[in-house]
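Everything on this sheet refers to the single structure shown next.
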Amino acid sequence: MTDKNQAMTDTHYNFAYLDEQTKRMIRRALLKGLAIPGYQVPFASREMPMPYGWGTGGVQVSAAVLTPEDRMKVIDQGADDTTNAVSIRKFFERTAGVDTTERTAEATVIQTRHRIPETELTEDQILVYQVPIPEPLRFLEPRETETRKMHALEEYGLMHVKLYEDIARHGNIATAYAYPVKVEGRYVMDPSPIPKFDNPKMEMAAIQLFGAGREQRIYAVPPYTRVVSLDFEDYPFEPSKADHACDLCGAQNSYLDEVIVDDAGGRMFVCSDTDFCTTRRDGGHVGRLGAPGTEDAA
Amino acid sequence: MYVAVKGGERAIDNAHAWLAEERRGSPDIAELTVPQIREQLALAVNRVMAEGSLFDPDLAALAIKQARGDLIEAIFLIRAYRTTLPRLGVSTPVDTGEMACDRRISATFKDVPGGQVLGPTFDYTHRLLDFKLAAEGETPTAPQAPAQGEPTPRVTDYLNRDGLIQPEPASDTTPPDLTREPMEFPANRALRLQSLTRGDEGFVLGMAYSTQRGYARNHPFVGELRIGTVPVEMDVPELGFAVGIGEITLTECESVNQFTGSKTEPPQFTRGYGLVFGQSERKAISMALVDRALRWKELGEDNVGAPAQDAEFVLSHADNIQASGFLEHIKLPHYVDFQSELELIRRIRAEAQAAQAQEAAE
Amino acid sequence: MASQILDGGFSDVPVQSARAFRAALSAMARPGRVYDISGAMPPAPLSPAAGSLLLTLADPGTPVFLAGAHDTPELRAWLIFHTGVPIAPREEAAFAVGTWTELLPLEPYRKGTPEYPDRSATLIVEVATLAASGARLTGPGIETARMLSLPELEPFRRNAALFPRGLDFYFTAGARLAALPRTTKVEAA
């Protein structure tokens with residue numbers, strides 16, 4: 001029993017948890033993903049010590065990418081202090097011993113769920129997305145054998161029909177997040193469930209890597225790659241957000257969370273990107289309800 | 001004034017501490033030991049080993065203890081542990097024909113060489129709560145018989161000899177490994193069987209049951225069900241021969257299914273196959289039925305559109321670790337996506353109301 | 001000879017392969033930009049860059065083709081000892097390594113299928129030097145244009161025309177490397 005007990009201590013696990021053979025397999029998939037932007041590379045995802053659907057794909061990609069010199073940031077819903085972000089950050093502190101940060105500008109590897117940071121990313125950064133359903137056509141055609149053919153033949157008519165039916169029924173494209181994009185004029189890709197507000201940011205200087213653990217897919221977008229949100233000439237794509245400024249930092253151009261503050265349904269709007277908001281407040285920006293530079297105006 | 005809906009590190013630590021306390025339960029009650037679970041909850045241990053894909057009764061018992069008896073959680077613990085283990089080698093295929101059977105029955109013959117051996121089964125127990133078990137200290141003993149030295153012949157071999165059942169040719173090709181390569185469709189039979197043997201018992205049971213109720217009915221009989229131990233051997237290149245590294249308990253089920261024949265083939269029985277770690281016979285029989293249903297194409301049958309015939313449907317949804325993880329992830333915050341939908345629906349409603357108002361005004 | 005085979009691998013595998021991979025990843029993400037990559041000291045004629053790349057990416061699941069002068073008993077033994085790769089002909093290779101002329105022709109290498117374009121070979125081209133001159137590169141990973149010394153232009157143009165199928169290339173010199181994925185358009189500067 002002593003051997004088994006030892007096997008469960010942190011020191012017994014490899015750098016960044018995964019064994020080297022698993023990392024090699026993931027690394028090869030990442031390189032092919034970069035070489036074929038937007039194409040979903042199958043990979044033999046491993047069981048991780050957190051549940052499928054909770055970021056196992058992103059965690060495996062980060063584990064394969066991290067070096068001891070990296071400084072890592074983990075966000076969920078744009079926030080560093082959401083429980084799952086805290087849990088994943090702790091996992092890498094324990095298993096890879098890397099430094100972590102909440103500052104977007106200081107991070108070299110950022111793992112995210114559902115948001116792209118507001119601060120423009122640079123060439124020295126890698127953004128790793130957690131992806132639940134990597135196949136943009138999945139809800140139109142549940143069969144992998146069929147969707148694979150559709151990607152091979154570049155047959156994306158079904159997607160346009162769906163978007164057009166939305167317009168016929170609602171007068172708008174009724175997709176607010178996980179809004180499909182076309183990468184470098186070839187593959188239709190799921191940007192992960194980011195709000196469509198974030199779509200235009202995907203043409204960026206940083207490397208974007210996507211990991212879907214349960215669905216066993218990895219894909220990538222190299223820097224400066226064309227990423228176009230699908231639309232129609234008469235119904236152009238519009239990134240949208242709440243029509244307010246942040247009540248804490250006053251930002252006009254950041255994605256906002258709507259927070260219900262009292263029983264009467266009173267509400268406030270605050271930046272979903274907590275680092276962006278904090279940095280602005282530290283810099284003296286004040287919103288309708290905020291105080292400058294204070295730790296959470298709670 | 002800013003309502004902090006976001007948890008933090010301390011919230012997580014506190015939740016873990018509370019969980020540990022709840023797991024232990026009342027300190028007035030003696031703590032369960034891992035050997036107690038291994039010995040007295042052996043069928044739970046078997047299920048955890050089967051769906052966790054790791055034969056280690058001690059670790060499975062530990063996982064059950066840690067998971068507070070939640071077997072899917074225990075299976076998850078075992079899977080996550082298993083994936084970190086280095087792969088030192090590959091065993092030679094186990095020979096279930098050499099099994100030392102504790103239980104062995106055939107529904108297709110009244111008697112068979114080797115005999116019908118009921119073994120430790122619930123089958124003919126009356127399901128009456130046994131209140132004597134509530135009192136402690138009982139050590140029941142069963143009558144003993146000398147072990148049969150001979151290997152038990154397989155029932156389907158008798159049918160095979162007469163050409164009455166479709167043969168399953170032996171093959172030396174290395175099967176794909178579900179735990180090392182991504183699932184790929186169409187999946188061959190080896191891959192399907194791997195997926196089924198670690199699939200959720202309830203899911204595989206439900207799929208099998210659906211075939212019995214007419215969704216791709218395949219008229220199964222339990223040709224043979226056997227439970228017992230088999231030796232596991234590994235080739236050691238330095239020695240040039242295989243050495244025994246231990247033994248494992250397996251449940252094997254071969255179903256015998258009707259086949260009407262085709263233009264080119266005379267009528268013949270066909271089979272479905274189930275093989276599961278430990279004593280797990282409900283799962284093994286279910287697996288055999290679903291395996292048989294998934295073979296419609298190679299046996300030249302019609303696809304009647306039944307769920308159990310749809311390999312992509314069955315295999316994509318059989319794994320309870322994938323399923324429960326994704327199901328439960330909707331507990332995670334989704335407020336960013338919800339916010340984007342909120343704005344969209346407000347906008348669509350506003351546009352619709354404006355249009356109505358304009359109509360009314362005209 | 002025996003010690004030459006056992007030596008020259010990574011002394012700290014998880015950390016050195018993580019650093020080497022970061023170089024390989026950055027290079028593939030930014031075609032034509034030159035990165036340092038080190039850690040391996042393979043037997044000649046394999047460069048430290050190519051050796052580090054293979055130690056980082058190759059294993060028993062990835063057949064390797066050794067082209068021409070790179071197919072020496074020492075190099076085979078070194079590679080097999082450190083990575084467990086099967087040595088294979090061009091048609092089966094996941095990775096191929098050698099000089100440009102010895103790697104040719106490109107036709108036999110696996111280029112993936114329309115359904116699985118990722119099932120294609122990666123060629124590691126050993127060159128004397130890597131310079132920001134010669135060919136003009138554009139495409140994903142490149143903001144405007146980047147220059148890189150390439151042995152030829154036409155084969156890379158033909159390869160890019162196969163997209164999404166195609167081969168991907170690393171160029172290695174000493175302890176430096178650059179990449180040219182199938183997406184990159186090349187033209188004379």
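The values are calculated or read from the model by the stated rules, or taken from the named source; none is laboratory data. These figures come from a predicted structure and were not determined experimentally. Methodologically, a virtual Cβ is constructed for each residue, glycine included, from the backbone with ideal geometry; neighbour enumeration extends over all protein chains shown. We work out accessible area using only protein heavy atoms, side chains counted, and drop any ligands, DNA or RNA first. Shrake-Rupley method; radii C 1.70, N 1.55, O 1.52, S 1.80 Å.
Here are a few things to note about the model shown:
- Considering the range B:292-362, the qualifying helices (runs of 4 or more DSSP H), each wholly inside and each with 3 or more residues that are loosely packed, with under 15 Cβ neighbours inside 10 Å and outside the structural domain of B:G274 (by TED's automatic domain parsing), run over B:335-361.
- In the condition set (1) open to solvent by 10 Å² or more (accessible area, probe 1.4 Å); (2) in contact with a Ser or Thr (Cβ under 6 Å, 6 or more places away or on another chain); (3) more than 14 Å from chain B (Cβ to nearest Cβ), A:Y17 is compliant with all but (3).
- Enumeration of residues in the range A:19-45 that are out of contact with any strand residue (DSSP E or B) (no Cβ under 9 Å at 6 or more places or on another chain) and acidic (D, E): A:D19
- When C:A29, C:A58, C:A77 are screened for being in contact (Cβ under 8 Å) with a residue 40 or more places away in the chain and within 28 Å of A:A44 (Cα to Cα), only C:A29 passes.
- Counting only residues that are touching a helix residue (DSSP H, G or I) at 6+ places or on another chain (Cβ under 8 Å) and either under 18 Å from C:D7 (Cα atoms) or open to solvent by less than 10 Å² (accessible area, probe 1.4 Å) (or both), the range C:67-101 holds 13 of them.
- When the strands (runs of 3 or more DSSP E) confined to the range A:209-267 are screened for residues that are closer than 16 Å to A:P191 by Cβ and away from chain C (no Cβ under 14 Å), those reaching at least 1 such residues are found at A:227-229.
- Answer from C:P60, C:P114, C:P73 - the residue that is away from chain A (no Cβ under 14 Å) and either on the phi > 0 side of the Ramachandran plot or not hydroxyl-bearing (S, T, Y) (or both): C:P73
- Residues that are modelled with pLDDT of 95 or more and away from chain B (no Cβ under 14 Å) within the range A:157-199 comprise A:P180, A:V181, A:K182, A:V183, A:E184, A:G185, A:R186, A:Y187, A:V188, A:M189, listed in sequence order.
- Residue selection: C:A179 satisfies the criterion of being open to solvent by less than 10 Å² (accessible area, probe 1.4 Å) and either small (G, A, S) or modelled with pLDDT under 95 (or both).
- In this structure, C:P114 does not satisfy being in a loop (DSSP other than H, G, I, E, B), open to solvent by less than 60 Å² (accessible area, probe 1.4 Å) and in contact with a helix residue (DSSP H, G or I) (Cβ under 8 Å, 6 or more places away or on another chain).
- Scanning the range A:142-167 for residues that are surrounded by 15 or more Cβ atoms within 10 Å (Cβ to Cβ) and outside any helix (DSSP H, G or I) returns A:R143, A:Y156.
- Residue within the range B:62-84 that is in contact (Cβ under 8 Å) with a residue 40 or more places away in the chain, in contact with a strand residue (DSSP E or B) (Cβ under 6 Å, 6 or more places away or on another chain) and either away from chain A (no Cβ under 11 Å) or under 30 Å from B:Y335 (Cβ atoms) (or both) present: no
- Number of positions in the range C:53-68 that are more than 15 Å from C:R90 (Cα to Cα) and assigned to a helix (DSSP H, G or I): 5
- Qualifying residues in the range A:240-266 (those that are exposed (fewer than 15 other Cβ atoms within 10 Å of the Cβ) and at pLDDT 90 or above) - the one nearest to A:R103 (Cα to Cα): A:N253
- Among the numbered conditions (1) open to solvent by 10 Å² or more (accessible area, probe 1.4 Å); (2) among the β-branched types (V, I, T); (3) closer than 16 Å to A:L31 by Cα, the only one that C:T62 does not meet is (1).
- Failed condition for B:I64, given (1) farther than 25 Å from B:L196 by Cα; (2) surrounded by 13 or more Cβ atoms within 10 Å (Cβ to Cβ); (3) not assigned by TED's automatic domain parsing to the domain that holds B:R198: (1)
- Residue selected from the range C:10-25 under the condition more than 7 Å from chain A (Cβ to nearest Cβ) and open to solvent by less than 20 Å² (accessible area, probe 1.4 Å), by the criterion nearest to A:T108 (Cα to Cα): C:A23
- Hey, B:L54 on the phi < 0 side of the Ramachandran plot, touching a residue at least 12 places away in the same chain (Cβ under 8 Å), outside any helix (DSSP H, G or I) and within 12 Å of chain A (Cβ to nearest Cβ) or not: yes
- Matching residues, the range B:184-231, being among the hydrophobic types (A, V, I, L, M, F, W, C), more than 17 Å from the chain's Cα centre (by Cα) and open to solvent by 20 Å² or more (accessible area, probe 1.4 Å): B:F185, B:F221, B:V222
- Selection from the range B:232-258 of residues that are touching a Leu at 6+ places or on another chain (Cβ under 6 Å) and open to solvent by 40 Å² or more (accessible area, probe 1.4 Å): none
- When the range B:157-187 is filtered for residues that are within 14 Å of chain A (Cβ to nearest Cβ) and not basic (K, R), the ones remaining, listed by number, are B:P176, B:D177, B:L178, B:T179, B:E181, B:P182, B:M183, B:E184, B:F185, B:P186, B:A187.
- Total residues in the range A:88-114 satisfying the condition of being open to solvent by less than 50 Å² (accessible area, probe 1.4 Å) and either assigned to a helix (DSSP H, G or I) or among the β-branched types (V, I, T) (or both): the figure is 13.
- Counting only residues that are under 23 Å from the mean Cα position of the chain (by Cα), small (G, A, S), under 30 Å from B:D235 (Cα atoms) and open to solvent by less than 40 Å² (accessible area, probe 1.4 Å), the range B:87-118 holds 1 of them.
- Residue within the range C:121-142 that is among the hydroxyl-bearing types (S, T, Y) and either outside any strand (DSSP E or B) or away from every other protein chain (no Cβ under 11 Å) (or both) present: yes
- Lone qualifier among A:E135, A:E146, A:E165, A:E155 - being in contact with a strand residue (DSSP E or B) (Cβ under 9 Å, 6 or more places away or on another chain) and either of a type in the set (D, E, K, R) or not assigned by TED's automatic domain parsing to the domain that holds A:P42 (or both): A:E135
- The set of residues in the range C:84-123 being β-branched (V, I, T) and more than 22 Å from A:P37 (Cα to Cα) consists of C:V85, C:I87, C:V97, C:T99, C:T101.
- A Cβ distance below 8 Å, combined with a sequence gap of six or more or placement on separate chains, defines the contacts here; from the range A:74-86, residues that are assigned by TED's automatic domain parsing to the domain that holds A:W54 and on the phi < 0 side of the Ramachandran plot reach residues that are among the aromatic types (F, W, Y) and open to solvent by 10 Å² or more (accessible area, probe 1.4 Å) in the pairs A:N84/A:W54.
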